[in-house]
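Chemist: Okay, handing you the structure first.
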């Protein structure tokens with residue numbers, strides 16, 4: 001059995017395993033998209049080494065979910081790509097990182113050249129937003145001050161013309177140091193900054209399980225969704241967007257990443273302040289979609305037609321879903337899409353709230369093509385295992401196991417391994433371990449006798 005399982009692994013290693021997963025493939029297309037969709041593909045590196053089959057990419061996808069063009073980050077020296085923003089002139093604002101450096105540039109897809117470039121000595125920045133022609137708003141995570149033994153995580157505004165920081169907001173000035181278990185090198189993991197009007201920024205401190213609307217004039221928190229470790233509201237979220245209903249009610253749409261869903265909340269009222277002096281609010285969850293069908297979604301944008309564009313990271317796809325969860329457009333994009341924007345509508349949500357569409361409720365997704373990138377057209381091991389366990393007494397535990405499998409194993413298995421090959425490798429290792437342990441137990445008396453005999457001879 002060990003030899004059979006090992007042979008499967010060896011064959012995959014020699015032949016290169018499944019086809020190159022760095023591709024774009026249409027899934028369900030019931031309704032062609034309104035123009036192109038820009039996707040920032042995070043890519044994969046391990047120990048500073050790029051996996052050539054999982055490059056960081058900027059991808060443009062056409063109306064029928066087909067590849068239009070792509071911009072490979074390897075040529076730019078990028079370790080990761082994060083959130084791209086389509087600009088009014090047709091170009092794209094790109095955020096690329098490598099250890100110790102964040103590079104921000106305007107990319108012209110027609111000439112395949114940079115229009116301008118800025119470099120910052122900051123780590124792993126996920127989002128930079130243009131406030132105007134001169135100013136960039138930057139979410140500065142992993143900003144640990146070793147000499148002061150504290151986190152200086154912040155959001156700051158940089159003026160490209162003057163080369164100066166004109167505004168900054170430190171989380172340590174507003175949150176107790178005990179938040180998220182205390183300061184460390186990745187205290188807030190602030191992964192998003194979005195302008196709201198002329199003087200507010202919507203921030204996403206992921207590790208705090210919160211989305212906060214900060215007033216740039218007063219430096220106060222005007223709105224706050226979620227609280228530290230309240231994982232039932234949002235859990236290590238990405239890319240919250242601010243909306244308003246027709247009656248002016250503040251609403252937040254957010255990719256609730258670790259809860260594997262997309263949710264929308266409508267403000268009810270401000271309720272006071274907590275013990276740390278932070279403002280508290282009551283929210284009504286008006287919409288929930290895709291729970292446990294999505295795997296680590298990291299972006300959700302409301303489109304003008306009322307549908308929602310969702311980046312489903314570990315299922316390697318971008319989907320457009322109706323308010324009731326029907327998938328009308330779907331494109332599979334590897335490896336690890338981070339953010340997607342419909343170019344015609346800009347870089348964030350600009351459609352109606354769920355309340356204004358009279359579509360409040362909890363919905364499952366329907367209509368997917370169920371393509372599994374990197375599996376050579378086969379059903380993946382985890383999907384097969386879930387199907388075998390469905391309706392049995394082990395259904396729940398197996399579903400938990402396979403969810404973790406889908407979430408974690410793509411980060412650790414080589415590109416030449418599909419899920420079946422990894423399962424074979426793990427199976428062979430487990431059998432060999434059990435077999436070897438059993439042989440040691442059976443032969444322990446002989447081994448001890450030989451060791452004693454050897455000792456007497458010495």
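The values are calculated or read from the model by the stated rules, or taken from the named source; none is laboratory data. If you're wondering where the values come from, they're calculated on a predicted model, not measured in any experiment. Ideal geometry is used to build each Cβ from the backbone, glycine not excepted, and the neighbour counts take in all protein chains shown.
Chemist: Which condition number does residue 187 fail, the rest of (1) under 20 Å from the mean Cα position of the chain (by Cα); (2) within 19 Å of residue 233 (Cβ to Cβ); (3) in a loop (DSSP other than H, G, I, E, B) being met?
Modeler: (2)
Chemist: Given the residues 227, 233, which is the only one that is surrounded by 19 or more Cβ atoms within 10 Å (Cβ to Cβ), under 24 Å from the mean Cα position of the chain (by Cα), in the same structural domain as residue 197 (by TED's automatic domain parsing) and touching a residue at least 24 places away in the same chain (Cβ under 8 Å)? Reasoning before the result, please.
Modeler: Details: 227 fails: surrounded by 19 or more Cβ atoms within 10 Å (Cβ to Cβ).
Going through 227, 233 in turn, the sole match is 233.
Chemist: Would you be able to tell me the number of residues in segment 201-221 that are outside any loop (DSSP other than H, G, I, E, B) and crowded, with 17+ Cβ neighbours inside 10 Å? Step through it out loud before you land on a result.
Modeler: We begin by selecting, within segment 201-221, every residue outside any loop (DSSP other than H, G, I, E, B); these are 201-208, 211-215, 221.
Within this subset, residues satisfying the condition of being crowded, with 17+ Cβ neighbours inside 10 Å are 201-208, 211-214, 221.
Number satisfying all stated conditions: 13.
Chemist: Within segment 304-322, identify whether any single residue is under 30 Å from residue 132 (Cβ atoms), in the same structural domain as residue 84 (by TED's automatic domain parsing), modelled with pLDDT of 95 or more and in contact with a helix residue (DSSP H, G or I) (Cβ under 7 Å, 6 or more places away or on another chain), and answer yes or no.
Modeler: yes
Chemist: Scan segment 103-123 residue by residue and report those that are outside any strand (DSSP E or B) and farther than 20 Å from residue 67 by Cβ. Before the answer, list the steps.
Modeler: Going through segment 103-123, the residues outside any strand (DSSP E or B) turn out to be 109-112, 121-123.
Once the filter is applied, which keeps residues that are outside any strand (DSSP E or B) and farther than 20 Å from residue 67 by Cβ, segment 103-123 yields 121, 122, 123.
Chemist: Can you tell me which residue among 272, 248 is on the phi > 0 side of the Ramachandran plot, free of Cβ contacts under 8 Å to residues at least 24 places away in the same chain and not in a strand (DSSP E or B)? Talk me through it step by step, then tell me what you get.
Modeler: On the way: 272 fails: not in a strand (DSSP E or B).
The unique qualifying residue is 248.
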